[in-house]
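Could you have a look at this structure, given as C-alpha cells, before my questions?
The values are calculated or read from the model by the stated rules, or taken from the named source; none is laboratory data. Model, not experiment: these values are computed from the prediction. Cβ: placed from backbone, ideal geometry, glycine included. Neighbour counts: every protein chain shown. Keep in mind that these areas ignore ligands, DNA and RNA; they rest on the heavy atoms of the full protein, side chains included. Shrake-Rupley method; radii C 1.70, N 1.55, O 1.52, S 1.80 Å.
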Amino acid sequence: MVRKILDTLLEIFENNKSILKEKGWIVSSETSYEWWDGLKSAEEIIISAILVQMSRWEIVKGKVEEMRSKGLTDFYKLYNTTEQELYDVLKGINFYKTKVKRLINLSKIIINLGSVEKFYDRNLLLSIDGIGEETADSILLFAGHKPNFPPSEYGKRVLSRVLGISIKKKNEVKRLVEENLERNVYEYKLLHAGIVTVGRAFCFIENPKCEDCILKKVCKYYRENSS
C-alpha cells in the first residue's frame, strides 16, 4: 500500500516539474548538481546545506553565488580565507558567524581526507558539529549521489496527511521511504524535492491549501476533510 502511494507520488512529481522548479528544485539527471536550484558543484551543495539551516533559501543561494564568484566554493581557498573575510560575504544569513566557523572546519576535514568523495560517509558527517541527520542525508543524496533519503519536517507532515498515519519523528520518514522504495538516487531526489515543494506551497501546518494541492487525489487528509 505504502509502496503504491509512493510510486504514485513520484509519477505526480514527474508530471509537475514546473511547480517543483518554482520552489527551487530543478529536476535533472541522477548525477546532476542542479537539483538544488541550479547549483553547479558538490562543493556548493555542501556549503549551502550548512548555510540554509534556519535561513531562507533565497538569501543563501545569493550568498553561494557570491562565494562562487570569489572562488570561495573551492575548499582549499575557503580554508585559507580569514573568518572576517567570510563574515563580510555571509553577513545577512542567520547565525552567520557560527556557520563561518563550521565551513572552515568542514574545509579542513575535506582537505585532510584528500578528496570530497571520502567525505560521503554518514557516520563521519554525523560526527561533525552542525551536521544533523537531515543535513547529512541531504549532502549524501544531492552532493554525493548516494541513496540516502533525508528526513524532514515537510516529509513528516506531508506523508502523515497523504497516508493517513501519524508520523511522530522525522526519522520515521526516512525509514518508511527506504523500506518501501528501491535505493534509487533519481527517485529519492524527486520524492524529496516533491515533498518539500508540496510542504512549502500547499501543505501548511494550519490552513493547508488542499484544493490547490497536486496530491489531493491521493491524499487521505484531503478526502476526509473536503466537503
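Output wanted: per-residue J couplings in Hz (rounded whole) for the stretch 135-149, from phi through Karplus 6.51 cos²θ - 1.76 cosθ + 1.60, θ = phi - 60°, x for Gly and Pro.
5, 4, 5, 5, 5, 4, 6, 8, 9, x, 6, 9, x, 10, 8
Rounded, prolate or oblate: which one fits the stretch 90-151, using the alpha carbon gyration tensor with axes a ≥ b ≥ c (rounded when a/c is under 1.5, else prolate when a/b beats b/c, else oblate)?
On the way: a/c = 2.07, a/b = 1.31, b/c = 1.58.
It comes out oblate by the Cα gyration axes.
At 1.4 Å probe size, with the rest of the protein present, what percent of the exposed accessible area of the chain is carbon and sulfur atoms?
Details: 5310 of 11150 Å².
Carbon plus sulfur share of accessible area: 48 percent.
DSSP loop (so not H, G, I, E, B), at most 12 other Cβ within 10 Å: list which GluC sites (Glu not before Pro) in the stretch 151-227 pass both filters.
Details: sites: GLU153, GLU172, GLU178, GLU179, GLU182, GLU187, GLU206, GLU211, GLU224; in loops: GLU182, GLU206.
Of the GluC sites (Glu not before Pro), the ones in loops of the stretch 151-227 whose Cβ has at most 12 other Cβ atoms within 10 Å are GLU182, GLU206.
Angle, helix 57-69 long axis vs. longest principal axis of the chain, Cα atoms, 0 to 90°, nearest 10?
For helix 57-69, the angle is close to 30 degrees.
Rolling a 1.4 angstrom probe over the protein heavy atoms, how many square angstrom per residue are accessible across the chain? Don't skip to the end; give the middle numbers.
On the way: 11150 Å² over 227 residues.
Per-residue value: 49 Å².
Sticking with this one: Past the 28 Å Cα-Cα mark, which pairs from LYS21/LYS108; LYS146/LYS217; LYS61/LYS220; LYS97/LYS174; LYS77/LYS169; LYS99/LYS174? If you can, show how the numbers build up before the last one.
On the way: LYS21/LYS108 34 Å; LYS146/LYS217 31 Å; LYS61/LYS220 35 Å; LYS97/LYS174 31 Å; LYS77/LYS169 38 Å; LYS99/LYS174 26 Å.
From the list (LYS21/LYS108; LYS146/LYS217; LYS61/LYS220; LYS97/LYS174; LYS77/LYS169; LYS99/LYS174), the Cα-Cα distance tops 28 Å for LYS21/LYS108; LYS146/LYS217; LYS61/LYS220; LYS97/LYS174; LYS77/LYS169.
Sum -39500 (n - 2.57) across every DSSP H segment of at least 4 residues in the chain, then divide by the residue count to get the 222 nm mean residue ellipticity, nearest 500.
On the way: 13 runs with 129 residues, N = 227.
After summing the helix terms and dividing by residue count, I get -16500 deg cm²/dmol.
Between helix 42-51 and the chain, what is the angle of the helix's C-alpha long axis to the longest principal axis, kept within 0 to 90° and rounded to the nearest 10?
80 degrees
Ok, one more. Which value, in Å² rounded to 10, gives the accessible area of SER41 with a 1.4 Å probe and all protein chains present?
Counting only protein heavy atoms, SER41 exposes about 30 Å² to solvent.
Over the chain, calculate the relative contact order: mean separation of alpha carbon pairs under 8 Å at least 6 apart, over the residue count, as a percent.
Values: 274 pairs, mean separation 48.9, N = 227.
Result for the chain is 22 percent.
Compute the acute angle (0 to 90°) between the alpha-carbon long axis of helix 153-163 and the principal axis of greatest extent of the alpha-carbon atoms of the chain; round to the nearest 10°.
Roughly 20 degrees, rounded to the nearest 10.
Please list, in order along the stretch 83-97, the HN-Hα scalar couplings obtained from phi with the Karplus expression 6.51 cos²θ - 1.76 cosθ + 1.60 (θ = phi - 60°), rounded to whole Hz, x for Gly and Pro.
Calculated HN-Hα couplings, in order: 4, 5, 4, 6, 4, 4, 6, 9, 4, x, 8, 4, 6, 5, 5 Hz.
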